[in-house]
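Beneath this line is the structure, given in structure tokens, with notes to follow.
FYI, it's all coordinate maths here, none of it is from the lab. Just so it is clear, the structure is predicted and the values come from calculations on it, not from any experiment. Cβ coordinates were reconstructed from backbone atoms using ideal geometry, including for glycine residues, and neighbour counts include every protein chain displayed.
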Amino acid sequence: MEFLGEVAAWFSDPASWEGRNSIPLRLWEHVSLSATALALGVLIALPIGLAIGHSGRGARAAVAITNIGRAIPSLGWLGMVLPITLVLFERGGLGFLPALIALVALAIPPIVTNTYAGLREVDRELIDAARGMGMGERRILTAVEVPIALPVILAGVRSSAVQVVATATLAAVVAGGTLGDFILQGIFVRDLPRVFGAALMVAVLALATEGLFALLQRLATSPGLRAATDVGRTS
Amino acid sequence: MNDQPFFRIDWVIDNLDEIGGRVGEHLVMTGIAIGVGLVISFGLALLIRRVRPLYGPTIAITGALYSIPSLALFALLIPITGLSLLTAEIALVSYTLLILVRNIVAALDGVPAEVLDAADGMGFGSVERLWRVELPIALPVIVAGVRIATVTTIGLVTVTSLIGLGGLGYLIVNTGINRFFATSIYTGVALSVALAVLADVGLESLQRRLTPWARARSG
């Protein structure tokens, strides 16, 4: 109980809220780094997933991307990027840049995998019907395949988002700031209330991200699909 | 970092003992997490089979644990269990539960009802039925879960170096990133990936050896 009081004291200390090592600044670093990485990850992964899923070509590449993504530890991405950015950008190669590159690399595999899998699951007869109605390939993709696959695609974006927010915590090891910095500082100077308080914020941020994207996934499911799955459930 | 070769193979050769030690620590930490995770998950799965309504809440809780970032979960435990192996293992075991419980329950559910009836008809008791009938049939699905959990855990163990433990994360962070020494970083990452791949392939071949009939039927 006494310990939780110390944690509360860290949160209520005015010094925690101002300057270059403040809660708002670290939180902003965490959120902006994660959001930028996720946005870039979607921009890169979505076209790849759509191309593979629509054409059915390059499926092996998609599987390879998934497996590589799973085997390389998230801390490993940060470590691997750092020496390269340091050589290329010298001092600019520390901090935000290596963290961003590592997080983008981490965000790509789940989105590629799910986009590909989502499109492959679309009933072939629907696509044949669309083609019979005279739809072009592009229109089939945007008007038929993507709406049906959207929940699966967004599930991929969701797991990327959760992983990115989690790994942004580790960005502190390459001087990327974020809430993880409080944890590492706190461990270093044995300031446990700071460690615990920051960890609490990271946990809440991760769960909130999960919740937000779960909601988005529900909202993006077309009413027709929702009805279909509901029927499927009751039968 | 500019005035020396990007990757110094001589450093790797000079430090083979150190590197081997880190691999050993990594394997021990992974092994404990998977072993304890399996025991707990089995208990939970058997409980869920008797009390079905527990399945939803169990998956919800283990799912929430799974989405807490590793460094944060370590940090939340530090005030209680300190910068220790116990802290790391509690977190690592927590992460295995979602995958393992889900797979074990699905695996046991997948055993055909006729087979269970036949076992009962032959006079098997419930423990004997579980051990000699259900588990062998469920094994491939269970091992599939263990493979995913093991690969995930091998990656997560690298993070334990941030709370003062060893393993391959020590090569990535302590002698790598903190000293801007690329060779140590890449050695740590490459060995971690190699362990993950070897564990995955090894468990798959173990499963095939343990269930030769599955191969005979499909072949």
List the residue ranges in chain B for DSSP H helices whose C-alpha atoms run 27 angstrom or more along the long axis and whose Kyte-Doolittle average is 1.0 or above.
B:16-50, B:85-109, B:135-157
Note down, for the range B:110-219, the three equivalent ellipsoid semi-axes (square root of 5 times each alpha carbon gyration tensor eigenvalue), biggest first, whole angstrom.
44, 15, 8
Dimensions of the range B:9-214 along principal axes (Cα, Å, largest first)?
66, 40, 20
Cα long-axis angle, helix A:146-168 against chain A (0 to 90 degrees, to the nearest 10):
20 degrees
Can you order the peptides B:149-155, A:121-127, B:165-171 by their average number of other Cβ atoms within 10 Å per residue, highest first?
B:165-171, B:149-155, A:121-127
Nearest 10 degrees, 0 to 90: helix A:223-234 Cα axis against chain A principal axis:
90 degrees
Selection of trypsin sites (Lys or Arg not before Pro), the range A:1-75, meeting DSSP coil and at most 16 other Cβ within 10 Å
A:ARG20, A:ARG57
Just rank B:SER205, B:SER192, A:SER32, fewest to most, by other beta-carbon atoms within 10 angstrom.
B:SER205, A:SER32, B:SER192
Treating the angle as unsigned and between 0 and 90°, give the value, to the nearest 10°, between the Cα long axis of helix A:74-89 and the longest Cα principal axis of chain A.
80 degrees
Relative contact order for chain A using alpha-carbon pairs under 8 Å, separation at least 6, rounded to a whole percent?
25 percent
Take the alpha-carbon centre of the range B:26-86, take the same for the range A:133-193, and report the distance between them in whole Å.
23 Å
Would you calculate the volume per residue, in Å³, of the smallest convex hull containing every Cα atom of the range A:1-63?
134 Å³
Would you please give the FRET efficiency between A:ALA51 and A:TRP17, computed as 1/(1 + (r/R0)^6) with r the Cβ-Cβ distance and R0 = 41 Å, to the nearest 0.05?
0.30
What are the extents of the Cα atoms of the range B:89-168 along their three principal axes, listed from largest to smallest and rounded to whole Å?
56, 18, 16
Answer check: the range A:99-235, Cα atoms, Kirkwood Rh, Rg/Rh ratio of 1.17
Per-residue average of Cβ from other chains inside 10 Å of A:178-189:
3
Could you compute how fast the range B:44-131 diffuses translationally, taking Rh as the Kirkwood radius over C-alpha pairs and applying Stokes-Einstein at 25 °C with viscosity 0.890 mPa s? Give it in µm² per second.
161 µm²/s
For a distance above 32 Å, tell me the whole-number percent of Cα pairs in chain A that qualify.
34 percent
The exposure ranking of A:THR115, B:THR183, fewest beta-carbon neighbours within 10 Å first, is B:THR183, A:THR115
A:LEU97, A:LEU33 arranged by Cβ crowding within 10 Å, fewest neighbours leading:
A:LEU97, A:LEU33
Across the residues of A:192-203, average count of Cβ atoms on other protein chains within 10 Å?
5
What is the distance in Å between the Cα centroid of the range A:26-99 and that of the range B:136-180?
20 Å
Summing -39500 (n - 2.57) over every DSSP H run of at least 4 residues in the protein assembly as shown and dividing by its residue count gives a helix-only mean residue ellipticity at 222 nm, to the nearest 500 deg cm²/dmol, of -25500 deg cm²/dmol
Over the Cα atoms of the protein assembly as shown, compute the convex hull volume and normalise it per residue, giving Å³.
195 Å³
